[in-house]
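Read through the structure below, which is laid out as C-alpha cells, and then see the notes.
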Amino acid sequence: MGVELKRKRELWRAEDSVEELAQLARTAGIEVLGSTIQRLQAPNSATFVGSGKVEELRAWGRELEYDVLLFDDELRPRQQRNLEQELDVKVVDRTALILDIFARHARTKEGRLQVELAQYEYRLPRLTRMWTHLSRQGVGGVGLRGPGETQLESDRREIGRRIASLKKQLEDVRVHRRQYRNRRKKAGVPVVAIVGYTNAGKSTLLNALSGADVLVEDKLFATLDPTTRRVTLPDGRPVLFTDTVGFIHKLPTQLVASFRATLEEINEADLLLHILDITHPNVEEQSATVERVLRELGAHNKPVVTALNKIDLLENGSFEEGEEEVGEEPPEEGDVIERVLETMVAYPNCVAISAEERIGLEQLLQRVQEVLWEGFRSVMVVLPYSNDGLLSLFHQQGLVDREEYSERGVTVEGRVPDRLIHRFEPYLVQSTD
Ligand SMILES: Nc1nc2c(ncn2[C@@H]2O[C@H](COP(=O)(O)OP(=O)(O)OP(=O)(O)O)[C@@H](O)[C@H]2O)c(=O)[nH]1
Ligand SMILES: [Mg+2]
C-alpha cells in the first residue's frame, strides 16, 4: 500500500516507491500478491488511508487471502493497530520491514547491536496490546525477529533498560573502531568510502578492486558491516577503500541514529566514491537520495568521484532478459546509453564502469588518484623538534610518506594541502610540484 500526498512534492513517485517496497519484501522472503496506491490530501489520523481504501483492502483480503499488508509509509502505532483490527491481517510498515532485513543481514557484533537498538527504539512507542493481538494471530517472521516476544510483552521500563545497556555495549565497541581509525590516520593512508544506493554494486566493486570476498547479492542491504581493504593506485601509492551500508529513501531515522558510528566511516573519508546503478530506472532519484543522506551526515563537502556501474548490461543486451521483473518495462538500450552520456556530463569526475566484468576500473582508479591529490602539493621539509605542532598538522591534514629523525630535526616527505603550504614554507627542502 503506497500513498501519494498531494500537498507534498516528493522526490519519488509513489509507484516507484511501492515497486521498491516490493523488492524489499522479496528480500525479506515475502511473496507480493498485489499493490495499490492512494492519492491523499493528508493522512487519515485513524487509518492513514481513507475509509474507502480500507474497504477495498478488506475485499482484497477475501479474494487474495493475503497475510500481511505492507505499508510504504511509517505508521503511527494507533494507525497500525486500527488497520490490523479492521483488516485482520498483520500490518508492517516500511520502517519495520527494513529493520527486519537489517536484523537478518547483520553479521558483526556492532552490526547486531545497532540493529537491536534500532528495533527497540521502533517498538518502544508501539508496546501496547497490539503485541498480544499479534502473537495470538501467530503470523511469525516479518517484523517480529530480533528481540523475543516475551520481552516485548514485558513493561516499557524493561525495554528502556535494555536500550541503555545496548547503548553502553555499542559505546565499548566503538572505542575500538575509533582507535583503529586513529591508527589508520596516523599511518597517513588516504581513505576512500564507497557510497551509494543499496544494490548499486558497492561490494562487487570492492571485491573487484581488492580481491576481498564481501557478500554480493541481488538483494537490498546485503552489506551492513563496513569492510576496509587496501588498494594500490596506478602511481603505486596505497589507499584504503571502505564498503559500507547502502542508502535507501525513507531510511528509518532509528537506523540512521544507531548506524551513525558505521556511517562515521564516511565522514572520516578523504574522498567519496559514489556508485550509481546506471541501468536502474530510478537512478536519478537514487542519486538524489544518496546526496540527501550525505548532506544529513555532513559529508557533502568532500571530493566525489562518481562511478556509473553495470555498463556491461548495455553491451550484451541482457536488458531484454528482465522477464522475472513484472510490471516495469525494461528501458530501451538507446535510452540508457543516452542516460549514461547525460549523467557523465552532469557529474564531474565521472567514470563508466562494470564492477562485475571489470571494465573501466583502471580509469576509475586513475580518476580517484587525480582527485585525491588535487589541491595537494608534494613536499620535503625538515621540522625542528621545537615545532612539533607542525609535525602533527602534517599528520592530520596531509599525508606522510616518510619520516626520519636526525639531529637537525624530523625530515618529512609527503603531501600537504595547498592551503597549508605557507605554514611549511620556512622548512622546505624541496617541493616537487
Ligand atoms: N551486470 C552487472 N551486475 C552487477 C555489476 N555490479 C554489481 N552487479 C550486481 O548487482 C547486485 C548488487 O551488487 P552488490 O555488490 O551486492 O551491491 P551493493 O551496493 O553492495 O548492495 P548492498 O550491500 O545490498 O547495499 C548483485 O547481483 C551484483 O552481481 C555490474 O557491473 N554488472
Ligand atoms: Mg554490499
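Determine whether TYR180 is within 16 Å of ligand 2 (Cβ to nearest atom) and of a type in the set (Ser, Thr, Tyr).
no
Evaluate the range 218-225: report whether one residue or more is under 28 Å from LEU399 (Cβ atoms), within 16 Å of ligand 2 (Cβ to nearest atom) and surrounded by fewer than 21 Cβ atoms within 10 Å (Cβ to Cβ).
Yes, that holds for at least one residue.
Can you tell me which residues in the range 381-396 are in contact with a strand residue (DSSP E or B) (Cβ under 6 Å, 6 or more places away or on another chain) and either open to solvent by 40 Å² or more (accessible area, probe 1.4 Å) or hydroxyl-bearing (Ser, Thr, Tyr) (or both)?
none
Which count do you get for residues in the range 176-211 that are surrounded by fewer than 17 Cβ atoms within 10 Å (Cβ to Cβ) and of a type in the set (Gly, Ala, Ser)?
The total comes to 2.
Which residues, taken from the range 390-425, are polar (S, T, N, Q) and at pLDDT below 90?
The answer is SER392, GLN396, GLN397.
For the condition closer than 27 Å to ASP100 by Cβ and in contact with a Lys or Arg (Cβ under 6 Å, 6 or more places away or on another chain), what is the one hit in ILE266, ILE275?
Among ILE266, ILE275, only ILE275 is closer than 27 Å to ASP100 by Cβ and in contact with a Lys or Arg (Cβ under 6 Å, 6 or more places away or on another chain).
Mind telling me which of the residues ARG58, ARG13 ends up being open to solvent by 30 Å² or more (accessible area, probe 1.4 Å) and under 28 Å from the mean Cα position of the chain (by Cα)?
ARG13
Just one of (1) of a type outside the set (S, T, N, Q); (2) within 13 Å of ligand 1 (Cβ to nearest atom); (3) within 27 Å of LEU166 (Cβ to Cβ); (4) open to solvent by less than 10 Å² (accessible area, probe 1.4 Å) trips up ALA261, so point out which.
The one condition ALA261 does not meet is (2).
Please list, ordered by first then second residue, the pairs with beta carbon atoms under 6 Å, 6 or more apart or interchain, first in the range 284-309 and assigned to a loop (DSSP other than H, G, I, E, B) and open to solvent by less than 40 Å² (accessible area, probe 1.4 Å), second of a type outside the set (A, V, I, L, M) and at pLDDT below 90.
ALA299/ASN267
Just to be sure, is GLY52 out of contact with any Pro (no Cβ under 8 Å at 6 or more places or on another chain) and part of a loop (DSSP other than H, G, I, E, B)?
no
The values are calculated or read from the model by the stated rules, or taken from the named source; none is laboratory data. Being a predicted model, the structure only gives us computed values, none of them experimental. Don't worry about glycine lacking a Cβ; one is built from the backbone with ideal geometry, like all the others, and counts go over all protein chains shown. Keep in mind that these areas ignore ligands, DNA and RNA; they rest on the heavy atoms of the full protein, side chains included. Shrake-Rupley method; radii C 1.70, N 1.55, O 1.52, S 1.80 Å.
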